[in-house]
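> First, the structure itself, so that you have it in front of you.
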Amino acid sequence: MLTTTAKKRTLKLGVIVLGMVSTYGWAAPPLPPHPPYLDSNITDIREGELWKMEVFIDSKLSHPFLGQLETICFVYDGLYSPPNPSQDKYKWCDVASPSFGWAGVATKEGDQVFMHNDQGKFYNGAQWELTSKDEGAGHWRLWENNFFFDLNVIFTRIGKPCRCQ
Amino acid sequence: MCDKKRPDVHQVKIPIAFGIVLALIGQSLPTNGLAAGCEGMITKTYLGGKIDEYLLPTDPADTTGYSLSYPLTDFDSTVIDRHMVHRFSNLAMAGYSIADARFEFKAKPLATTGPHSSGNDTIRLRFDFTSAVYSAYFGSGNSGNDLSAVFGAGQWGTNNSTLTPMVAAGGMVFNNANLTNFGSVASALLSGLNTHGQIYFYVQDDTAVDYAQLTLDYCPLKKPPVLTDGGNHWMLTSHQDASPAHVELNRQDLCFKYVTSSGTHQVYRWYSTVSPSWRGWARVEGDQVFMHGDYALANSKTPQHTALQWEVASEIGNQKQPSTKGYGHCVDWENNTTYGNTNMFANVRLERTGKTCPEAVEPPPANKTYVCTPKREQIKIDIDIDPAPVEKEISSISSIK
């Protein structure tokens, strides 16, 4: 029969072993939140961080520069999707056109970013990847019923605070 | 290599009984700029009518879209006062451009006397109805670009004159080589064929046409060499992919030399001037770049290896605007007897500088450092990193605020 002290020790050891198993004995999935973050302050879900978005026409031979927006705001919005989330969720918007409503949702897993919105003229879907903490690149597609357009996109962190409505 | 041999350029069909030695005519064949052919060339022949010596019934011509108030006729028709029109259509081929064109037809004069004459008849090639890309007269009945030098003065007749040995001979074959001044319109012809994808062949109205044939060489559309057009010097910045902060690791330069194309790939050799033993091969498909290479490390007998996979994201530069950016991944490893040792998985950012690289140093000296990674100490940190680095970073996030 174990003494109380021995029971405590055994319990303590069990907790430690359990802790070790849960930490090292199981293949831990890549849990969110996933740094580097699009919005450095993930504890504030109201204020986000500003990014520049440069777009290029992917379907043209020379990928001509189409333009840039320095007004893309990412606001951290928690984990996606509980109870066993694998991704971070962000709101994103173009702060220069809040009334236009160009805004949507972004999720992030590792350094991969997935974005969509359907509040503008077209549906938008993007997939890009952070190369450094402050810069990444990928693809952006916009479409409607009988139309689509493929863009290359480069995102660069500006770092100023911003808010989406 | 699937280098298709270019077929014989002339392909002139001349009846033996009427063999004319075209070389004696002294008209050089227009090269149309790509006489040497191209890799992956495809040749197609489009035939209007049949090669049947004007055998009746007539062979139908395609007059779709042609606007003419005069009565039209088909191949082989020997009725006078009828205009022969045929459209060569659907000439465009996706992914290819027309690089060379060879045109050929057989015709004979019809009118011998009276108000009608073959001697002032015109042959034209045209893309639209405002102008002809090529125009010539068969005889000397009209002044201008006439073909009488081809078959001899008077052979096609003049207005209201009596004709001609050409009638009895069944006419003759005309082609690139003997059509007077055809070479001067070669580039306009090629350009128009690529633009319009069709062309009208037109012969006036007292001349019979047995057939008309257009043979086109198609070359695959080629992108300019993505990695060297606008400067072959690039800077590579690597970032530790496993680091929550994606910390910068190293900067190296890369130089590309275009070698050839292989199917859908552009093939390059690449090397670095900063790490001169680092070199290998690259292939570009679309805007994706796939690279592999090796390097030697000073004080190490073990060969080091590199593989990069990245994609051009920005506008592809040129001599005026060389800047071009690409993003992707790099992995460095070294051989061992089992699975190999990973030096680093890195994210990479590449940007063209616009500079021109010096030639690679031969033989390449060993590098002083790793390539996607800065130095051995940091590699050890990476290799020995805790298996759950994300959790560690999460626990320290509050300190970032």
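The values are calculated or read from the model by the stated rules, or taken from the named source; none is laboratory data. Just so it is clear, the structure is predicted and the values come from calculations on it, not from any experiment. Methodologically, a virtual Cβ is constructed for each residue, glycine included, from the backbone with ideal geometry; neighbour enumeration extends over all protein chains shown. Heads up: the accessible areas ignore ligands, DNA and RNA and are worked out on the full protein's heavy atoms, side chains in. Shrake-Rupley method; radii C 1.70, N 1.55, O 1.52, S 1.80 Å.
> Being open to solvent by 20 Å² or more (accessible area, probe 1.4 Å) and within 13 Å of chain A (Cβ to nearest Cβ) is the filter here; which residues of region B:299-310 pass it?
Answer for region B:299-310, where residues must be open to solvent by 20 Å² or more (accessible area, probe 1.4 Å) and within 13 Å of chain A (Cβ to nearest Cβ): just B:Gln309.
> Another question, then. Cβ-Cβ distance below 7 Å, separation of 6 or more or different chains: which pairs start in region A:53-64 with a residue that is more than 7 Å from chain B (Cβ to nearest Cβ) and end on one that is of a type in the set (Phe, Trp, Tyr) and crowded, with 16+ Cβ neighbours inside 10 Å?
Listed by first residue and then by second, the contacts come to A:Met53/A:Phe155; A:Val55/A:Trp140.
> With the requirement that a residue be open to solvent by less than 60 Å² (accessible area, probe 1.4 Å) and within 12 Å of another protein chain (Cβ to nearest Cβ), what does region B:328-343 give you?
B:Gly328, B:Cys330
> May I ask you to say which residue of B:Tyr211, B:Tyr218 is within 19 Å of B:Ala94 (Cα to Cα) and touching a residue at least 12 places away in the same chain (Cβ under 8 Å)?
B:Tyr218
> Does B:Asp217 satisfy the criteria of being buried (at least 19 other Cβ atoms within 10 Å of the Cβ) and within 12 Å of chain A (Cβ to nearest Cβ)?
So B:Asp217 does not fit the description; no.
> For A:Tyr123, only one of the following conditions fails: (1) farther than 20 Å from A:Tyr76 by Cα; (2) open to solvent by less than 70 Å² (accessible area, probe 1.4 Å). What is its number?
Checking A:Tyr123 against (1) farther than 20 Å from A:Tyr76 by Cα; (2) open to solvent by less than 70 Å² (accessible area, probe 1.4 Å), the one that fails is (2).
> Quick test of your reading of the structure: B:Glu248 fulfils all but one of (1) open to solvent by less than 60 Å² (accessible area, probe 1.4 Å); (2) within 12 Å of chain A (Cβ to nearest Cβ); (3) at pLDDT 90 or above. Name the failing condition by number.
The number of the failed condition is (1).
> Quick check on my filter: what residues within region A:78-97 are under 10 Å from A:Pro32 (Cα atoms) and surrounded by 16 or more Cβ atoms within 10 Å (Cβ to Cβ)?
A:Leu79, A:Tyr80, A:Pro85, A:Gln87, A:Asp88, A:Lys89
> Quick one: which residue in B:Glu359, B:Glu377 is farther than 21 Å from B:Ala307 by Cβ, at pLDDT below 80 and not basic (Lys, Arg)?
B:Glu377
> List every residue pair whose Cβ atoms lie under 7 Å apart, where the two residues are 6 or more positions apart in sequence or sit on different chains, the first residue falls within region B:191-204 and is farther than 30 Å from B:Asp81 by Cβ, and the second residue, located anywhere, is of a type outside the set (Ser, Thr, Tyr) and assigned to a loop (DSSP other than H, G, I, E, B).
So the pair list comes out as B:Leu193/B:Leu91; B:Gly197/B:Asn90; B:Gly197/B:Leu91; B:Gly197/B:Ala92.
> Still on this structure, I have one more. From the residues in region B:134-146 that are surrounded by 19 or more Cβ atoms within 10 Å (Cβ to Cβ) and modelled with pLDDT of 85 or more, which one is nearest to B:Leu190 (Cα to Cα)?
B:Tyr134
> Another question, if that's okay. Considering only residues that are in contact with a strand residue (DSSP E or B) (Cβ under 9 Å, 6 or more places away or on another chain), outside any strand (DSSP E or B) and farther than 16 Å from B:Gln213 by Cβ, which ones fall in region B:88-107? Break it down stepwise before answering.
Just the residues of region B:88-107 that are in contact with a strand residue (DSSP E or B) (Cβ under 9 Å, 6 or more places away or on another chain), to begin with: B:88-93, B:95-107.
Checking which are outside any strand (DSSP E or B) leaves us with B:89-93, B:95.
B:Ala92, B:Met93, B:Gly95, listed by residue number.
> Looking at B:Ala313, B:Ala346, B:Ala282, B:Ala296, which one is small (Gly, Ala, Ser), assigned by TED's automatic domain parsing to the domain that holds B:Leu249 and open to solvent by 20 Å² or more (accessible area, probe 1.4 Å)?
B:Ala296
> Could you please find all residues in region B:306-324 being at pLDDT below 90 and of a type outside the set (Ser, Thr, Tyr)?
Residues satisfying the conditions are B:Glu315, B:Ile316, B:Gly317, B:Asn318, B:Gln319, B:Lys320, B:Gln321, B:Pro322.
> Name every residue in region B:43-87 that is over 23 Å from B:Ser131 (Cα atoms), open to solvent by 50 Å² or more (accessible area, probe 1.4 Å), assigned to a strand (DSSP E or B) and not β-branched (Val, Ile, Thr), in order of residue number.
Within region B:43-87, B:Lys44, B:Leu47 meet the criteria.
> Filter region B:221-237 down to the residues that are open to solvent by less than 30 Å² (accessible area, probe 1.4 Å) and either within 9 Å of another protein chain (Cβ to nearest Cβ) or under 17 Å from the mean Cα position of the chain (by Cα) (or both), then identify the one that is nearest to B:Tyr96 (Cα to Cα).
Looking only at region B:221-237, we keep the residues that are open to solvent by less than 30 Å² (accessible area, probe 1.4 Å), and these are B:226-227, B:230-234, B:236-237.
Checking the rest, the ones that are also either within 9 Å of another protein chain (Cβ to nearest Cβ) or under 17 Å from the mean Cα position of the chain (by Cα) (or both) come to B:226, B:237.
Working: B:Val226: 19, B:Thr237: 37 Å.
Out of the qualifying residues, it is B:Val226.
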